[in-house]
Amino acid sequence: MNDTTVTLVGNVATAVEYRDTAAGGVARFRFAVTARRWDREKGVWTDGPTSFYTVSAWRSLGANLAASVSVGEPLVVHGRLRVREDERDGQRKTFVDVAALAVGHDLSRGTAAFRRAARPLRADAEPGVWPGGGPGAEPGEGPPAGPRAGVAERDVTLGPAPDRDPWAVAAVEAAAESTTRLVTVP
């Protein structure tokens, strides 16, 4: 595909609106990006013009976005750019939309605490057993084969909530191999 991807740094301008559709849930909000320039003569930063974008995020990204973001918060948005023209009130107007692929808080302007979203399990999955299975594996046999294969599953705590995610276990195992001390939170 020849999509134009952009990364925008700015602030949430409107409340995030989330709704379920036939294609999955979608979150939409307006995003304000203001250029800042250093004024050498005055020795201060000055604001340039503000550009507004309509950002849409689908499925789990949209649901997580709606639960995590509010008006005024600084974000970094990465996604596919789409420019469209429409006629409203007898005038031709240009709209710029971004279909978000990734969204995160701008940590150069504050802190954030990550909480892993619960992954939905299949109805036939056994508790504590990986629901996927790898290539050639029977459903519920264990984590997929590949770079994370052979990692023993164990209870892992990431942040405030315990998590039995095999990918998180693999990340902790890799961290333990590359560092001399691993601290786990009870």
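Points to keep in mind about this one:
- In this structure residue 14 has an accessible area near 50 Å², from a 1.4 Å probe over the protein heavy atoms.
- FRET efficiency for the pair residue 2 and residue 42, taken as 1/(1 + (r/R0)^6) with r the Cβ-Cβ distance and R0 = 45 Å, rounds to 0.60.
- Beta bridges per DSSP, both residues in the stretch 1-96: antiparallel share near 100 percent.
- Counted by Cβ distance under 9 Å from residue 95, the other residues give a net charge of 0, where Lys and Arg count +1 and Asp and Glu count -1.
- Cα-projected label distance for residue 78 with residue 96, points at 7 Å along beta-carbon direction, nm: 2.0 nm
- Cβ-defined net charge surrounding residue 65, 13 Å radius [Lys, Arg +1; Asp, Glu -1]: +1
- The accessible surface of the stretch 10-49, taken with every protein chain in place and a 1.4 Å probe, is 49 percent carbon and sulfur.
- Gain in span if fully extended, residue 9 to residue 113, counting 0.36 nm per residue against the direct Cα distance: 35.5 nm
- If you take all other residues with their beta carbon under 12 Å from the beta carbon of residue 79, and give Lys and Arg +1 and Asp and Glu -1, the sum is 0.
- List 107, 101, 65, ordered by accessible area with a 1.4 Å probe, largest first: 107, 101, 65
- Summed over the residues of the stretch 27-127 and divided among them, the accessible surface reaches 73 Å² per residue at a probe radius of 1.4 Å.
The values are calculated or read from the model by the stated rules, or taken from the named source; none is laboratory data. Here the structure is a predicted model, which is why all the values come from computation and not from measurement. Note: ideal-geometry Cβ built from the backbone for every residue, glycine included; neighbour counts use all protein chains shown. Ligands, DNA and RNA are stripped out before the accessible areas are found, and what is left, the full protein with its side chains, is counted by its heavy atoms. Shrake-Rupley method; radii C 1.70, N 1.55, O 1.52, S 1.80 Å.
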